[in-house]
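The values are calculated or read from the model by the stated rules, or taken from the named source; none is laboratory data. Treat the numbers as computed from the prediction; the structure is a model and nothing was measured. Cβ placement follows ideal geometry from the backbone for every residue including glycine, while neighbour counts extend to all protein chains displayed.
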Amino acid sequence: MKRLIFSVGILALGFAAASPARANFAVIRFADGYCQVWWDRSAPPWGVAWSMIAIRPDWWSAQVALDWATTLGDCN
């Protein structure tokens, strides 16, 4: 029984370590109209002169959202 519990614990630890890390990216618009892809939406820039335009799961789709916001005129 101890071996079974130990092996289940090791298996659970292996699954937890093997799960992919998820870094959410955000498109940030600053007060002057400049936009940038921010690497982690849970650690936003300091200050109050910014707003979050879009949140995406990977860098590539955040870059596409930034390009789209620039095309629409939301960003400089």
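Working only within region 12-38, note down all residues that are within 20 Å of D74 (Cα to Cα) and either in a loop (DSSP other than H, G, I, E, B) or modelled with pLDDT under 85 (or both).
Keep residues of region 12-38 that are within 20 Å of D74 (Cα to Cα), which gives 25-38.
Within region 12-38, A31, D32, G33, Y34 meet the criteria.
Selection of region 37-76 for residues being among the aromatic types (F, W, Y), farther than 12 Å from F25 by Cβ and surrounded by 13 or more Cβ atoms within 10 Å (Cβ to Cβ) yields W50, W68. If the condition is being modelled with pLDDT under 85 and within 13 Å of the chain's Cα centre (by Cα), then region 40-64 contributes D40, R41, S42, A43, P44.
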